[in-house]
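The values are calculated or read from the model by the stated rules, or taken from the named source; none is laboratory data. Small disclaimer: the values here were computed from a predicted structure and weren't measured. Glycine also receives a Cβ, built like all others from the backbone with ideal geometry; neighbour counts cover every protein chain displayed.
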Amino acid sequence: MNPLRRRATVAAVASVCIAAAAPLSVGISAAEPLNCVNGQFWDPITNTCQTPRQAENCAPGQYWNALSNVCRPLGQL
C-alpha cells in the first residue's frame, strides 16, 4: 500500500474514533466538585461529599488513603 494512502486511512480511522467519543466526553468534562461543608471532601469517583475518617498511624514508607481507609505503600493508589 502506498504510504500516502496508509496515512490517509489512519487519519480517517482516528477521526471517526474521536467523533464517536466526543458526545460521551461532554458529560465527563462537565463534572464539577460539590461545595462540601463541615470539613468534608469531594470524592470525584462517587460525586459525593465524604466525611474524613480518622487517619491511622501508618508505617514508614506508607500513606493513609482516606477513601479506602487503609495504609498503602507509597506510589500505590
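Before moving on, here are some points about what is shown:
- Residues that are within 20 Å of the chain's Cα centre (by Cα) and surrounded by 12 or more Cβ atoms within 10 Å (Cβ to Cβ) were ranked within the range 53-68; the one that is modelled with the highest pLDDT is Tyr63.
- The one condition in (1) in contact with a Phe, Trp or Tyr (Cβ under 7 Å, 6 or more places away or on another chain); (2) at pLDDT below 70 that Ala22 fails to fulfil: (1)
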